[in-house]
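Q: Following this message is one structure expressed as structure tokens.
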Amino acid sequence: MTKQLNIIAVDLTPVLPGGENGGAKIFVLELLQYLAKMQPKTQFILLTQAASHKELALLDQPNVQRLLMVGSNVTSQPQPRVPKLIGRVIGRVLREVKRLSKKIIVTNSTLLRDMQVDLLYCPFTAPTYFEPGIPTVCTLYDLQYKTYPSFFTAEDVAHRDRVFIDACRKATLMAAISDYSRDSIISYSKFDPERICTIQIRIAQRIASDVKSNKAILAQLNLIRQRYLIYPANFWKHKNHEMLLTAFGMARQMGLAADIKLVCTGAPGPRQLWLKKAAECMNLGDCIIFPGYLPEAELGTLLTNSLVMVFPSLYEGFGMPIIEAMAVGVPLACSNTASLPEVAGNAAIQFDPRIPSQIAEAILILVKNETLRTQLIHVGLQRATEFSDTGRMATEYWALFQHALANVKHENLLVGFYADGWVGPSLNIHLAASTNTQTLDVEFLVPPWLPQPTLAFQITLDGKNQGEPTVFDRGTCAALSIPIALTGGNYQINITPTIIPAHTGLGADHRELSAILQRCCIKGADGNYEQLFPDKVDA
């Protein structure tokens, strides 16, 4: 009998208010709305955080409910409307989530299992609510931190790497938003290429269908139709605004009409303020506009009435704005890096985003050459149709979900360690059921240079403590022998205290670490032996 996807949990706890999530949030909301309408018999439970819980009410449908998981006001929320199938356990679920903090990482919970969830979808990559035995699908956008680590703090690089490793180890299947992103994932991991597919973002019509005839935003910003360039992007470092400002100033010196302005939309913040000051220092303050984050209707109006979109990003996993520009008939000049050539095709002038003179020349060519603008608009409209079929995108994701449901692995799984053997706050070992008596043998090295004299190792089974913690001195081998229940289960070894070496003067490592895993194996009374570490590594 074919398995059914009756209940899907979707982790939306990373969603922030407004535009802080960039294009990923727009894509995820569009996808979920379409999936829910396409599959009315499937229940979608959206796991949310307090900051965006109310905003996500726009997704509410008879088969879509929000469940507040993270935030200080979690206890004050009314009980969510849930299907009868999971209503009997929701009270226990809410009691469980009272203790969750904003940095939640659920590793020993059975919340999804209690709600009889058939599949977990992680549209922001991190498999935070992963439970062994429940198929998990992750969407991965890019590995920018690998290419441009200097754009991130050391802590952020360590966090992103942890998320990537966890996704590779825990995801049943993974979706990449472009072939470029898929190739990057494969090159930087041991993830089986057959378990990752490309599903491109296909929502080009979103802006086109929402454009309003009201042009009040133009008057508000003192803009004239087709007398300004636009760059819709948050002010992250890889968006390369500094080079665009330089190129815009060069283009003006090279003959760009003085009345043509540059509009840079995006969520306000310290970098936006810095760029505004930079524009003023370059005597460009009057011709570069920073309107901040704009509602979709206003952004659509600005985009539709612009002369040219300039997109000088250094790195994109996909590049939604360039497709949206094509869809509303705006000619495009964009970078020739990462995924952008794959997405833009021959519908754009491409330039090296690290060379401001090339950006300036592209601006001048598009502004002055009306014939070329017309040609690019025509090609762009045709290309945009290839990225406008949201139904195709949703169907591809649904097929991926069904494939994950049919191929979830029921095997022994070890997660929670880095490639060099270091373990974070906990080591998770999911053990399959067995007909024979088995023992789990685990050995750790407790380094002699740790600042704390001892480490405590607490064993849990499905979230319940198994006896008292075992304490080992630094500089010793911590050997644990754990009897395994015949039914298997999710075993966890919680280790305290942890350290971040960079915060304690012990090097430049910003990971949260506890001890070094030396060996992990399963021994059976029948003589069978399975080594999970170091021989078995999933990513």
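Q: Taking the chain as the reference, fit the longest principal axis to its C-alpha atoms, fit the long axis of helix 241-253 to the helix C-alpha atoms, and give the angle between the two in degrees, 0 to 90, nearest 10.
A: Between helix and principal axis, roughly 10 degrees.
Q: Now, a different point. With the dipole of the chain worked out from charges on the C-beta (+1 for Lys and Arg, -1 for Asp and Glu) around the Cα centre, which of 341, 419, 129 lies farthest toward the positive end?
A: Going by the charge dipole, the pick is 129.
Q: Okay, moving on. Given the DSSP H assignment, sum -39500 (n - 2.57) over each helix run of at least 4 residues in the chain and divide by its residue total; what's the result at 222 nm in deg cm²/dmol, nearest 500?
A: Numbers: 17 runs with 173 residues, N = 539.
For the chain, the value works out to -9500 deg cm²/dmol.
Q: Considering only protein heavy atoms and a probe of 1.4 Å, how much of the accessible area of the chain is carbon and sulfur, as a whole percent?
A: That share works out to 52 percent.
Q: Rank by packing, highest mean first: peptides 25-35, 464-474, with packing defined as the count of other Cβ atoms within 10 Å averaged across residues.
A: 25-35, 464-474
Q: R0 = 35 Å: FRET efficiency of residue 433 with residue 378, Cβ-based, nearest 0.05?
A: 0.05
Q: Of the beta bridges DSSP finds with both residues in the chain, what % are antiparallel, to the nearest 5?
A: Around 55 percent of the beta bridges assigned by DSSP in the chain are antiparallel ones.
Q: Also, I was wondering about something else. Which cross-chain or sequence-distant (5 or more) residues have an amide H under 5 Å from the amide H of residue 294, H modelled 1.01 Å from N in plane?
A: 266
Q: What does the net charge come to around residue 228 if you take all other residues with beta carbon closer than 11 Å to its beta carbon, with K and R at +1 and D and E at -1? Present the calculation step by step, with values, prior to reporting the outcome.
A: Numbers: positive: 225, 227, 261; negative: 259.
Within the 11 Å Cβ shell, the charges total +2.
Q: Over 32 Å between Cα atoms: which of 190/523; 146/464; 190/239; 170/276; 37/190; 25/464 fall into that group?
A: Over 32 Å apart, Cα to Cα: 146/464; 170/276; 37/190; 25/464.
Q: May I pose another question? Taking a probe of 1.4 angstrom, what is the accessible area of residue 114 in Å², to the nearest 10?
A: Probe radius 1.4 Å; accessible area of residue 114 about 50 Å².
Q: Could I ask something else about it? If you take every residue apart from residue 188 with its C-beta less than 10 Å away from the C-beta of residue 188, what net charge results, scoring Lys and Arg +1 and Asp and Glu -1?
A: Working: positive: 146, 190; negative: 161, 183.
With Lys, Arg at +1 and Asp, Glu at -1, the neighbours total 0.
Q: Which angle from 0 to 90°, rounded to the nearest 10, does the C-alpha axis of helix 23-38 make with the longest principal axis of the chain?
A: 70 degrees
Q: Oh, and also: Compute the long axis of helix 270-281 from its Cα atoms, compare it with the longest principal axis of the Cα atoms of the chain, and write down the angle in degrees, 0 to 90, nearest 10.
A: Between the helix axis and the principal axis of the chain, the angle is about 30 degrees.
Q: Could you pull out the chymotrypsin sites (Phe, Trp or Tyr not before Pro) across the range 362-465 that fall in loop regions by DSSP (anything but H, G, I, E, B) with no more than 11 other Cβ atoms inside 10 Å?
A: Hits after loop and neighbour filter: 449.
Q: Is the shape of the range 313-414 rounded, prolate or oblate, going by the alpha carbon gyration tensor and its root eigenvalues a ≥ b ≥ c, with a/c under 1.5 for rounded and a/b larger than b/c for prolate?
A: Oblate shape, in that a/c is at least 1.5 and b/c is the bigger or equal ratio.
Q: Shifting gears a bit: Please give the net charge around residue 319, taking every other residue with its beta carbon less than 12 angstrom from that of residue 319, where Lys and Arg add +1 and Asp and Glu add -1. Could the numbers behind the result be given before it?
A: Working: positive: 239; negative: 142, 316, 324, 342.
Taking every other residue near residue 319 into account, the sum is -3.
Q: Show me, for the range 315-324, the HN-Hα J-couplings you get by feeding each phi into the Karplus relation (A = 6.51, B = -1.76, C = 1.60, θ = phi - 60°), rounded to Hz, glycine and proline as x.
A: Listing the rounded values in order: 8, 9, x, 9, x, 4, x, 6, 6, 5 Hz.
Q: Let me ask you something else. Taking the Cα centre of the chain as origin and charging only Cβ (+1 Lys, Arg; -1 Asp, Glu), how large is the dipole, in debye to the nearest 20? Write out the running numbers ahead of the final one.
A: Working: 49 positive and 47 negative charges, 267 e Å.
Around 1280 debye, computed over the chain.
Q: Continuing with this model, one more query. Output wanted: per-residue J couplings in Hz (rounded whole) for the range 388-401, from phi through Karplus 6.51 cos²θ - 1.76 cosθ + 1.60, θ = phi - 60°, x for Gly and Pro.
A: These are the phi-based 3J(HN,Hα) values: 10, 8, 4, x, 5, 4, 5, 5, 5, 5, 5, 5, 5, 4 Hz.
Q: Sort 58-68, 138-148 for me by packing, meaning the mean count of neighbouring Cβ atoms within 10 Å per residue, highest on top.
A: Highest-to-lowest ranking by the protection proxy: 138-148, 58-68.
Q: Put +1 on the Cβ of every Lys and Arg and -1 on every Asp and Glu Cβ in the range 348-506; which of 362, 442, 457 then has its Cα farthest towards the positive end of the dipole?
A: 362
Q: For the chain, what is the accessible area per residue in Å² when the probe is 1.4 Å?
A: Numbers: 22840 Å² over 539 residues.
Spelled out: the 1.4 Å probe surface of the chain, per residue, equals 42 Å².
The values are calculated or read from the model by the stated rules, or taken from the named source; none is laboratory data. Since the structure is predicted, the reported quantities are computational estimates derived from the model, not experimental observations. Every residue, glycine as well, gets a Cβ built from its backbone with ideal geometry; the counts of neighbours run over all protein chains shown. These accessible areas exclude ligands, DNA and RNA; they are computed on the full protein's heavy atoms, side chains included. Shrake-Rupley method; radii C 1.70, N 1.55, O 1.52, S 1.80 Å.
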